[in-house]
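To keep things clear, I will list the structure first and then write my remarks on it.
The values are calculated or read from the model by the stated rules, or taken from the named source; none is laboratory data. Owing to the predicted nature of the structure, the values given are computational and were not obtained by experimental measurement. In this analysis, Cβ positions are derived from the backbone assuming ideal geometry, glycine residues included, and neighbour counts consider all displayed protein chains.
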Amino acid sequence: IEDQLRQSQKMEAIGQLTGGLAHDFNNLLGVIIGNLDLLRDQPGNEPETADIIDQALEAALRGADLNRRLLAFARRQPLQPQRIDINALVARVAKLLARTLGETIEVRLSLAVDIGTGLADPTQLERALTNLAVNARDAMPQGGRLTIATHNVVLDADYAAVNQGVRGGDYVVLEITDSGTGMAPEVLARAFEPFFTTKEVGKGTGLGLSMVFGFAKQSGGHVKIYSEVGHGTTVRLFLPRTADETAGNTTAASGKETPLP
Ligand code: ADP
């Protein structure tokens with residue numbers, strides 16, 4: 001209950017913090033780069049000095065580039081939610097994953113018919129699926145099976161009441177299941193935490209599931225993880241189901257995108 005709130009706040013906090021710091025760094029790097037530029041243009045520099053200045057300048061410019069990327073991350077590009085044929089998108093991504101995950105991972109699809117369309121930003125949904133697939137792969141170093149399933153579910157008010165932050169209603173569910181190591185309860189409890197990772201340095205950022213969490217929330221959905229050590233993990237991504245074709249046409253005719261709740 002409070003965990004979910006804390007999670008949203010953390011995501012918010014990280015965005016704010018990153019944005020704030022990146023802004024300060026921008027100013028500092030601006031001063032450093034400006035001064036190095038002046039130094040470099042001094043007449044009569046020793047070749048050795050010129051070399052040192054060039055190196056420092058190069059590093060500062062690299063820092064500025066990194067900083068730009070941080071700012072872009074913190075700004076968190078507003079999502080572009082639209083009606084998506086979820087099954088078609090999943091099939092397309094699965095094909096890509098089958099190729100990129102390696103031969104030891106068998107990718108399976110289990111798509112329910114007529115699940116309708118879901119509301120989400122397609123690029124972000126692809127990213128979320130990819131993050132989840134990479135986690136699944138990492139949990140199956142000896143190889144295994146990755147199943148992506150879709151179906152519809154109606155969550156009633158009772159369900160919403162016991163799952164704080166969850167709205168009742170029609171959802172398209174994307175279910176990503178692996179036959180990997182599974183998560184110990186203490187890992188599962190922290191899995192959504194930004195920067196929480198059990199992977200070695202350079203392998204994990206601890207941001208994959210945070211991204212999935214934030215994406216689901218911003219799409220008006222939510223995400224749940226079921227995991228058992230030694231058996232594997234299932235991640236359920238709930239996205240709001242949009243109105244059926246006829247209702248959808250009315251929406252289209254009015255020229256308005258269905259707004260996010
Ligand atoms: P990262 O993958 O960079 O570590 P994530 O936020 O995606 O960051 O995941 C956090 C942690 O949750 C992982 O380090 C791992 O311990 C655990 N985890 C995530 N997905 C799975 C999975 N499918 N199976 C087992 N553990 C997982």
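Return yes when residue 224 is among the charged types (D, E, K, R), surrounded by fewer than 16 Cβ atoms within 10 Å (Cβ to Cβ) and either near the ligand (Cβ under 9 Å from one of its atoms) or assigned to a loop (DSSP other than H, G, I, E, B) (or both) and no when it is not. Talk me through it step by step, then tell me what you get.
On the way: among the charged types (D, E, K, R): yes; surrounded by fewer than 16 Cβ atoms within 10 Å (Cβ to Cβ): yes; either near the ligand (Cβ under 9 Å from one of its atoms) or assigned to a loop (DSSP other than H, G, I, E, B) (or both): no.
Criteria not met by residue 224.
Considering the conditions (1) modelled with pLDDT of 90 or more; (2) assigned to a helix (DSSP H, G or I); (3) of a type in the set (A, V, I, L, M, F, W, C), residue 154 is excluded by exactly one of them, (2).
For residue 126, all conditions in the list (1) of a type outside the set (A, V, I, L, M); (2) under 29 Å from residue 172 (Cβ atoms); (3) away from the ligand (no atom under 16 Å from the Cβ) hold save one; what is the number of the exception? That leaves (3) as the condition not met.
Selection of first residues in the stretch 202-215 that are without any contact (Cβ under 8 Å) to a residue 24 or more places away in the chain and of second residues that are more than 6 Å from the ligand (Cβ to nearest atom), restricted to Cβ pairs under 8 Å at least 6 apart or on distinct chains, gives the following pairs, ordered by first then second residue: 205/195; 206/193; 206/194; 206/195; 207/194; 207/195. Of all residues in the stretch 167-210, those being part of a helix (DSSP H, G or I) and more than 9 Å from the ligand (Cβ to nearest atom) number 3.
Could you list, ordered by first residue, the pairs with Cβ atoms under 6 Å in which the first is in the stretch 168-190 and on the phi < 0 side of the Ramachandran plot and of a type in the set (Gly, Ala, Ser) and the second is within 8 Å of the ligand (Cβ to nearest atom) and assigned to a strand (DSSP E or B), at least 6 apart or interchain? Matching pairs, first to second residue: 179/232; 180/232.
Residues that are of a type in the set (S, T, N, Q) and more than 16 Å from the ligand (Cβ to nearest atom) do occur in the stretch 82-99, at least one of them. In summary, residue 105 fulfils each of the numbered conditions (1) touching a helix residue (DSSP H, G or I) at 6+ places or on another chain (Cβ under 7 Å); (2) free of Cβ contacts under 8 Å to residues at least 40 places away in the same chain with the single exception of condition (2).
Say whether the condition of being within 28 Å of residue 160 (Cα to Cα), hydrophobic (A, V, I, L, M, F, W, C) and more than 13 Å from the chain's Cα centre (by Cα) is met by at least one residue in the stretch 207-227. Show your work before the answer.
Within the stretch 207-227, the first condition is being within 28 Å of residue 160 (Cα to Cα), and the residues that meet it are 207-227.
Applying the additional criterion that residues be hydrophobic (A, V, I, L, M, F, W, C) yields 207, 209, 211-213, 215-216, 223, 225.
Applying the additional criterion that residues be more than 13 Å from the chain's Cα centre (by Cα) yields 225.
Yes, there is a match, as at least one residue in the stretch 207-227 is within 28 Å of residue 160 (Cα to Cα), hydrophobic (A, V, I, L, M, F, W, C) and more than 13 Å from the chain's Cα centre (by Cα).
Pick from 164, 142: which is more than 12 Å from the ligand (Cβ to nearest atom), outside any helix (DSSP H, G or I) and more than 30 Å from residue 104 (Cα to Cα)? Lay out the reasoning, then the answer.
On the way: 142 fails: more than 30 Å from residue 104 (Cα to Cα).
None of the other options fit; the residue is 164.
Do we have residue 233 as within 10 Å of the ligand (Cβ to nearest atom), buried (at least 17 other Cβ atoms within 10 Å of the Cβ) and free of Cβ contacts under 8 Å to residues at least 60 places away in the same chain here?
Details: within 10 Å of the ligand (Cβ to nearest atom): yes; buried (at least 17 other Cβ atoms within 10 Å of the Cβ): yes; free of Cβ contacts under 8 Å to residues at least 60 places away in the same chain: no.
Taking the combined requirement at face value, the residue does not satisfy it.
Would you be able to say whether some residue in the stretch 59-82 is in contact with a Lys or Arg (Cβ under 6 Å, 6 or more places away or on another chain) and either modelled with pLDDT of 75 or more or in a loop (DSSP other than H, G, I, E, B) (or both)? Working first, answer last.
In the first step, residues of the stretch 59-82 are kept if they are in contact with a Lys or Arg (Cβ under 6 Å, 6 or more places away or on another chain); the result is none.
No, the conditions are met nowhere in the stretch 59-82.
For residue 98, the conditions (1) in a helix (DSSP H, G or I); (2) in contact (Cβ under 8 Å) with a residue 12 or more places away in the chain; (3) closer than 20 Å to residue 177 by Cβ are fulfilled apart from (2). Tallying residues that are buried (at least 18 other Cβ atoms within 10 Å of the Cβ) and either among the small types (Gly, Ala, Ser) or at pLDDT below 80 (or both) within the stretch 186-217 yields 5.
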